[in-house]
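The values are calculated or read from the model by the stated rules, or taken from the named source; none is laboratory data. Computed from a prediction, not measured in an experiment: that's the story for all the values here. Every residue, glycine among them, receives a Cβ derived from its backbone with ideal geometry; neighbour counts consider all protein chains shown. Only protein heavy atoms, including side chains, enter the accessible area calculation; ligands, DNA and RNA are left aside. Shrake-Rupley method; radii C 1.70, N 1.55, O 1.52, S 1.80 Å.
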Amino acid sequence: MRLLIKNGRVIDPSSKKDEIADILVEDDKILKVAENICEDSDEILDASGCFVMPGLIDLHVHLRDPGLEYKENIETGSMAAAKGGFTTIVAMANTLPVIDSGEKISSIYEKAARLSPIHVLQAGAVTKGMQGEELADIASMAACGAAALSEDGKTVMDAALYQEGLRTAAKFNLPVLDHCEDADLKGKGVMNECETSRKYGLPGIPNEVEDRIIERDIQLAAETGARLHICHCSTKGSVDLVRQGKDRGINVTAEVCPHHFTLTSGDIPPDDTNYKMAPPLRSKEDVNALIKGLADGTIDTISTDHAPHAAHEKDKDWRKAAFGIVGLETAVALTITRLVEPGYLTPMMMAERMSTAPARILGIDKGSLQKGKTADIVIIDPSHAYKIDKNTFVSKGRNTPFHGWDVKGKVRHTICDGRIVYSDL
Ligand SMILES: [Zn+2]
C-alpha cells in the first residue's frame, strides 16, 4: 500500500526542514520526502496550502476507561484524538480501578489494540489506588510497557513517599508526569483567587497551591535523577521555577494546555462551569508568562488535559461541578489561532511543542518525518476559518468553554502507521 501526500508545507522539527514537498508512504513507513515525487501510489492526498507535520502527541489525556465509560472510553477518546490530529496519546491512570499494576497496563493495551485507530500509551499510578500511602508495583508496570508514571488528578502529598517513587521511576527510566497542587493549601478552592472569585463569592485557589509543589518536586527530581514533567502549568511562578530548574541542569520539562494560554479568570461568565478546571484559569499576567515560556522553550509541550465529564457532572453549582474540560478536538485550532497566527510560535515551533518534544520526553522514536520513520502524519489547513461546535465532537464530552468560538486551523487528515485514520470530508 502506497500513499502519496502532494504539495504540502512539510514541517519537520527533527530535520529542521520547512519546505513545500511530497511525502511517499509505503505500508507503515515514510519511504521518501522530496519535491515532485512522481512514483505510483494507491492513494493521493492533496495537501496544497496545508501544514504537513509529524503526528501530534498528547502527553495528557483522560480516556476514563475502565470504569468511567459514561464519560469517555478508549474508542471514543482515541477517535477524538485522531480527529484532533493526534497519533499518540498518553492515558492517565485515574480510572476505576486505578491503573496501578502491570496486569492493568496490559489490559489497556489489549483493548486499545482492538479499538483505537491511533497509538494509546498508558501511564501507571505512582501509589496503589492513588491513595498516596504506598508505592504501586512500578516494576511490573514498567515490564508491561507503561509509558510513564503519574498520579494525575492530585499530588502525592507525602514528600518522602514521592521521593521513593521518583527514585524508582528513575531506576526504570520512566518519566513522571507531575500534577502539582498542594491539597492542604487548595482546600475547598474552586477558582483562581482573584477579583472574579470574590465577585462570585467562591473559594479561591492562589498561585502558591501550584508553585510550592513544583518547587518541591523539582528539588526531588534533582535529588533522585528522575525525569520530571510538570503537567498543565498555569502560573507565572511555574514558568520561573521550570526555567530555574533547567538552568541548574535538572531533568525537568513542562507543558501548558490550550485553555491556560487562551483564557483568564476574568473571562469566566457567572455559572458556566465549563470554565472550571484544575489548575484553574489564572490572571492575564500568568497567561502572558505561559505564552512567553512556550515561545522561549522553557515550556516544552502543549498538552490537552482532555477531561471529559457527563453533562450532569458539570451542570451543577460551581462549588460542586467536576473539574476539567475536553481538549482533543480544539487544541490545534486554539494553538494556531492564539499562538501561531499572532506570531508567538512559528509553525515549526508548534510541531516541536506538539510532536517532537513530547516524543523526546517519552523516549519514543516518533515526532519525525524523516525517511524510514513510522508514517504518523497530520495534515492541517491553517487558514480554514470556522466556528467550534461542541455538537460535532467525537468525544462523549461536551464540556468545553470554546463552543461557538471563531477559530482558524482545521485537521484535514490524520495518518497513523501509514493508514488514514481520520479525514475531514
Ligand atoms: Zn492534572
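Once the convex hull of all Cα atoms in segment 23-109 is built, its volume per residue stands at 135 Å³. For the set Lys188, Lys246, Lys314, the ranking by accessible area, highest first and with no ligand, DNA or RNA atoms included, is Lys188, Lys246, Lys314 under a 1.4 Å probe. The residues Arg64, Arg243, Arg419, Arg198, sorted by heavy-atom accessible surface at 1.4 Å with ligands and nucleic acids left out, run Arg198, Arg419, Arg243, Arg64 from largest to smallest.
The fraction of accessible area contributed by carbon and sulfur in the chain is 48 percent, rounded to a whole number (1.4 Å probe; ligands and nucleic acids excluded). Considering only the Cα atoms of the chain, their convex hull presents on average a projected area of 18.3 nm². Just the Cα atoms of segment 98-202, one point each, no solvent: what log10 I(q)/I(0) does Debye give at q = 0.13, 0.14 Å⁻¹? For segment 98-202 at q = 0.13, 0.14 Å⁻¹, log10 I(q)/I(0) is -0.55, -0.61. Each peptide among 250-256, 118-124, 131-137 gets the average number of other Cβ atoms lying within 10 Å of its residues, and from highest to lowest they stand as 118-124, 250-256, 131-137. For the chain, the membrane-span-like helix rule (DSSP H, alpha carbon extent of at least 15 Å along the helix axis, mean Kyte-Doolittle at least -0.5) picks out 102-115, 159-171, 284-296; this says nothing about an actual membrane. Taking amide H as placed 1.01 Å from N in the peptide plane, the amide H of Ala148 sits under 5 Å from that of Gly124, each at least 5 places away or on another chain. Once the C-beta distance of Lys171 and Arg212 is scaled by a Förster radius of 25 Å, the resulting FRET efficiency is 0.40 to the nearest 0.05. Could you check what % of the DSSP bridge pairs in the chain are antiparallel, to the nearest 5? Percentage antiparallel, nearest 5: 50.
The residues of the chain have, on average, 38 Å² of accessible surface per residue, using a 1.4 Å probe with all protein chains present. In segment 299-343, inverting the average of 1/r over every pair of distinct C-alpha atoms gives 12.4 Å as the Kirkwood radius. The value given for segment 1-149 is a Kirkwood hydrodynamic radius of 17.2 Å, derived from the mean inverse Cα-Cα separation.
Calculated [222 nm] ellipticity per residue, helices only, for the chain: -8000 deg cm²/dmol; basis is -39500 (n - 2.57) per DSSP H run with n ≥ 4, divided by all residues, nearest 500. With 24 Å as the limit on Cα-Cα distance, the pairs of Lys16/Lys366; Lys111/Lys387; Lys104/Lys276; Lys284/Lys320 that go past it are Lys111/Lys387; Lys104/Lys276; Lys284/Lys320.
Of Asp184, Asp286, the order by accessible heavy-atom surface (1.4 Å probe, DNA, RNA and ligands excluded), from most exposed downward, is Asp184, Asp286. Counting charges near Lys186 (Lys, Arg +1; Asp, Glu -1) among other residues having Cβ under 13 Å from its Cβ returns a value of -4. In a GNM of the chain with a 10 Å cut-off on Cα contacts, which of Ile218, Ile37, Ile99 has the highest mean-square fluctuation? Maximum among the listed residues: Ile37.
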